[in-house]
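One structure below.
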Amino acid sequence: MTVAQSVLGAIAVVAFIVWSVRSERQSKDKKVQETFAGRDSLAPEEFYDRYFLGLGVASEVVVGVRKILEEQLDADMSRLRAEDDFSKNLSFFWDFDSMADVEIVLAIEAHFQIKITDSEAQKTHTVSELVQLVSSKVGGPSAP
């Protein structure tokens, strides 16, 4: 095999990888758009106010959990709702990253300096349940 053939082969492999990643990203973006279609985009504090204000959950917990979800799932979570369910309407994320659930738990544990057991994680299905779980481990709400 000549050097030119090796270089062309390497270029073809890189081009295929780039195409695959781009195609997967487009599929994921399309699924996110379909899932969140027709929903209002909420700033982090608006998300807190709409779904968690008055529930005894610190704003920092809600904003932090949503930010971690956005980072770990690599998707815009501005149209997320408290009732969104990881095992139902958000389950498509695992099709794109089968380890996302583990990465989310690890990121939450590191950010909030808490420990979430496997049993607790398995029983947590909705965004609201996740926020409540983290809140219960972090402590009481901050002053309004």
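Derivation of every value follows stated rules applied to the coordinates shown; laboratory data play no part. It should be emphasised that the depicted structure is a prediction, and the values quoted were computed from it without experimental measurement. Reconstructed Cβ throughout: ideal geometry from the backbone, glycine too, with neighbour counts over all protein chains shown.
Annotations
- Span-rule helices in the chain, defined as complete DSSP H runs reaching 20 Å or more along the axis (Cα) with Kyte mean at least -1.0: 3-36, 59-73
- Mean separation of Cα contacts under 8 Å (6+ apart) over length of segment 71-132, as relative contact order %: 46 percent
- E120-E83 pseudo-label distance in nm [points 7 Å out on the Cα-to-Cβ vector]: 2.6 nm
- Counting only residues at least eight positions apart within a chain, or on another chain, the lysines with an alpha carbon under 22 Å from that of K137 are K67, K115, K123.
- Computed lengthening from K67 to S136, 0.36 nm per intervening residue step minus Cα-Cα distance: 23.0 nm
- In the chain, Cα pairs under 8 Å separated by at least six residues give a relative contact order of 27 percent.
- Segment 105-121 versus segment 51-94: alpha-carbon centroid distance in Å: 15 Å
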